[in-house]
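Okay, structure first, notes after.
Please treat every number below as a calculation from the coordinates, not as lab data. Keep in mind that this is a model prediction, so the values were computed, not measured. Methodologically, a virtual Cβ is constructed for each residue, glycine included, from the backbone with ideal geometry; neighbour enumeration extends over all protein chains shown.
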Amino acid sequence: MDTLTAKKIRLAVIGDDVKELKTLLVSKGSFSLSFGRFPLLSLAYLYGASKVVRHYESALSKVSDYVAQPEETEDYLLFKKKAGKALRLYLGGQTITPVEMASVVGDSLAVSAHLKGLPNTDRVKKIYRLTHAQEVKKSGNSIVVPRSKKPTLKQITAVLSVIAVCLVCLLGGVVALEVVPPSLGGEGTLESPLKITSAELFSLALEDGSNRYYTIENDLTIDATTWTSRNLSVNIDGGGSTLSVKGKVSHSLIKKLSGSLSNLTIKFLDTPDTLPTSSALFVNEVTGSMQNLNVYAEDLALTANSEGGIVAYTSTGNIRDVKVFVSGTINEVSALEETVIGTLLYKNAGVVSDVEVSLDVSLSGDAKSATSSDTAGTFGDAIFGGVVGINNGTLTRAVVTNGSKVVSDTLDLAGIAATNAEKASITHATNNATLTQTTATSYWSPNIGGITMRNYGKISSSTNNGALTATTNQNEQNTSIILGGITTTNTGTIDGALNTGAITGTMLAGALNLGGIGYLNEGATTNSTNTGAITGTVTETDTLQMEHHLAGAYAVNIGSITKIKNDGAISGTFSVESSAFVGGLVGLNNSASASINNCQNNGNVTANTTQQTNKRLFVGGVVSYLLGRLTDSFNTGSFTTTSNEKAVVAGAVLGFTRVESDITGQLYKSGSDWSNNYYIPELGYECGIGNFYVQGIFSSSYMDGEDVDTTPTDMDTLKGMEVYW
């Protein structure tokens, strides 16, 4: 089949165009097409092409031998997003069969249909566990797949029937619920609220299903051991009073807050033993508003056996002007593939603004149960978010206060949010907490992000001032340390970020990745600055020859960075056999489409290796290794080393790049492009580019550096150029 027809078939499938597909699938051979790892039916499930599935599912499900076509990046990126942790099952490039794709997207009906002829269900079970955190159960010789979240036609009909009955009742008359006696000084309006003067009346107010208004007239104390979780649909103004909670909390005090709660201090007097399962100590679900609250959960000694939040679990409502004070210990023992714990909130899908969190917390996890790299991620792989766990909404002006600190052994850390989701935003957030992770646990790889661990959405005008420190005392070489001043991984956008916190990573062996802004940039980063010192040390002989990446902005860039500045000092010390890439701005610019534009490094670089030969330390004043594009950038920072010169490659702009030569020996760029870049000479670098790998027509070789399209200048001249800012 010709390539054009194959592409048309793919577009018809993902566009759910059955009419077009009917004209293209003219032979049974065309049913066997597979675009990389994605057969036609798998593509249909991936893109939710319901018409294609309805017409061709039976025929396509019978195909077992596939005719390979090139894989499209668009398909992979969508699969990566939907598969989550199940992506690890396909690192070897295996075909994603229809039953596996149906499992990834959670189409239980399709999965069940395919399972009838499937002898081995292990992969389906793994996908449900990794992607959906669900356990597939056995039933005889088959398995029971969790039902899809999408309602069936029967369910929709039943709901409509209930609504119809309710409408009839409403037409017949409405009976007002009068739980709290109106004699308590008020009419329940905003101007004349009902008054709460005791714990009993507070309990009764929570049973009021109206939207009336209440005020708390004095401090109250409730007993958590006898308290029944209730919904709060009314509007309660605490009037500055304090609600004290005595006894050990075993479930959230408020089940659903659909009304409003404001101007109240909540204090937990007795330390709970366990964080409520998939819930929180105070509110399970917020759909209304919480405003001007102070919450104290101090001297904790909590065990967490699931994801959760200290104050609230989930919110689609509005939370603002809330201050949270948390101290003590949290021991995470969840059996989930990944557990996320948030201080204010586990998951935000609403609006959170003007909140402050004060932390003095020690965290421990059960990753100590791991006995190999294969099992390390399945035992307590957990992340702690200083404000929220997962942000799916808007998070504005969130602050973790000065003096806050979080220490951990096998929980990864994020100053503000563990994850900032694709359409979510974090704006004007500030982390001041020191975040420290120290572990001797085998196969555990510490990860810390100053603002977030993973950014898929947008971060703007946000600052990390907290020092990030990770130390691993294990000697397992297939582990890593990943630290990022703003985030570890960015696939979204970052604009106007500032990191001032020192970033320090120390390990015996493994891969060390430190970045003033982040570890990996797959998205776009603009107008951001790092002033924090970056310090990395690897002490043991690295027989696996792992790579290390240190940089003022990103350890690795495969996206775009524009108007980024580094003023922080960068220092790296590496062991024998290690290959290290140290860049003033970027360690590895590692994609032909990756770009660096109008950036500057003013930070001094110090890098040493115990390697004596073989050039394993690569240093670039702007970029250590360039594949892609570098334009309109400059370096004013110095470079020093005490290492053997045979082991070091250093360039004032580029440390190392690749070029090609024609038959006459003329060099030309291939895969990389750099122009209009400058540096201040006599700062420890001999030339603009440290070393070239020259790919010739008949042979290849390495060539010592030159000033190819990299220009030495002085500071006064540089300041007069358009590239300077």
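If you restrict to DSSP beta bridges whose two residues both lie in the chain, what percentage is antiparallel, to the nearest 5?
Details: 13 of 235 bridges.
Antiparallel: roughly 5 percent of the beta bridges in the chain.
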Under 19 Å Cα-Cα from K615, which aspartates and glutamates qualify once same-chain neighbours fewer than 8 residues away are excluded?
E540, D542, E547, E577, E645, E686, D704, E706
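In terms of the ratio Rg/(2.2 N^0.38 Å) built on C-alpha atoms, what value belongs to the chain? Intermediate results must be reported in sequence, preceding the final value.
On the way: Rg = 29.2 Å, N = 725, 2.2 N^0.38 = 26.9 Å.
After normalising by residue count via 2.2 N^0.38 Å, the value is 1.09.
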Ordered by fewest other Cβ atoms within 10 Å, a rough proxy for footprinting exposure, V67, V286, V659 read V67, V659, V286
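Convex hull over the Cα atoms of region 3-144, averaged projected area in nm²?
Working: hull surface 31.9 nm².
Computed as one quarter of the Cα hull surface, the answer is 8.0 nm².
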Cut-off under 5 Å, modelled amide H: who pairs with I216 long-range
I196, D237, G238, G239
Using Cα-Cα distances under 8 Å and only pairs 6 or more residues apart, what relative contact order does the chain have, in percent?
4 percent
Rounded to 5, the percent of DSSP beta bridges in region 3-144 classed as antiparallel:
60 percent
Residue by residue through region 577-585, what is 3J(HN,Hα) from phi via Karplus (6.51 cos²θ - 1.76 cosθ + 1.60, θ = phi - 60°)? Round to whole Hz and write x for glycine and proline.
6, 6, 9, 10, 10, 10, x, x, 10
Amide H contacts of V324 (H built 1.01 Å from N, under 5 Å, at least 5 apart or other chain):
V295, E356, V357, S358
Mind pulling the per residue volume of the convex hull built on the Cα atoms of region 231-271? Å³ is fine.
59 Å³
So what is the 222 nm mean residue ellipticity for the chain from helices alone, if each DSSP H run of at least 4 adds -39500 (n - 2.57) and you divide by all residues, rounding to the nearest 500 deg cm²/dmol?
-4500 deg cm²/dmol
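With an 8 Å cut-off on Cα pairs and a minimum separation of 6 or more residues, tell me the relative contact order of region 3-144 in percent.
Details: 166 pairs, mean separation 29.8, N = 142.
For region 3-144, the relative contact order is 21 percent.
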For region 633-725, what class follows from the C-alpha gyration tensor (a ≥ b ≥ c being the square roots of its eigenvalues): rounded when a/c is under 1.5, otherwise prolate if a/b is larger than b/c, else oblate?
oblate
Where the centroid of each part is defined by its Cα atoms, how far is region 520-573 from region 298-345 in Å?
31 Å
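Report the net charge of residues surrounding S528, where surrounding means a beta-carbon distance below 11 angstrom and charges are Lys +1, Arg +1, Asp -1, Glu -1.
Values: positive: K563, K565; negative: D495.
Computed value for this residue: +1.
Can you put C687, C599 in order of Cβ neighbours within 10 angstrom, beginning with the fewest?
On the way: C687 20, C599 29.
So the residues, fewest neighbours to most, are C687, C599.
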Label-to-label distance, nm, for residues given as S362 and V67 (7 Å Cα→Cβ offset):
6.6 nm
Given 5 Å bins starting at zero, what is the percent of C-alpha pairs of region 204-281 in each, up to the one with the largest pair distance?
3, 16, 23, 26, 21, 9, 2, 0
If you take the square roots of the eigenvalues of the alpha-carbon gyration tensor of region 1-53 and sort them as a ≥ b ≥ c, do you get rounded (a/c under 1.5), prolate (a/b over b/c) or oblate?
oblate
Counting Lys and Arg as +1 and Asp and Glu as -1, what is the net charge of the other residues whose Cβ lies under 11 Å from the Cβ of T97?
+1
The convex hull of the Cα atoms of region 213-328, divided by residue count, gives a volume in Å³ per residue of 86 Å³
For region 456-566, the Cα gyration tensor yields equivalent-ellipsoid semi-axes (√(5λ), largest first, whole Å) of 26, 14, 10
Using the Cα atoms of region 584-704, I'd like the radius of gyration and the largest Cα-Cα distance, Dmax, both in angstrom.
14.0, 41
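Using the number of other C-beta atoms within 10 angstrom as an exposure proxy, rank W674, W444, W227 with the fewest first. Please report the intermediate quantities before stating the final value.
On the way: W674 24, W444 28, W227 19.
Ranking W674, W444, W227 by Cβ neighbours within 10 Å, fewest first, gives W227, W674, W444.
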For K137, go through the aspartates and glutamates and keep the ones whose alpha-carbon is under 19 Å away, minus same-chain ones fewer than eight residues off.
E100, D107, D122, E337
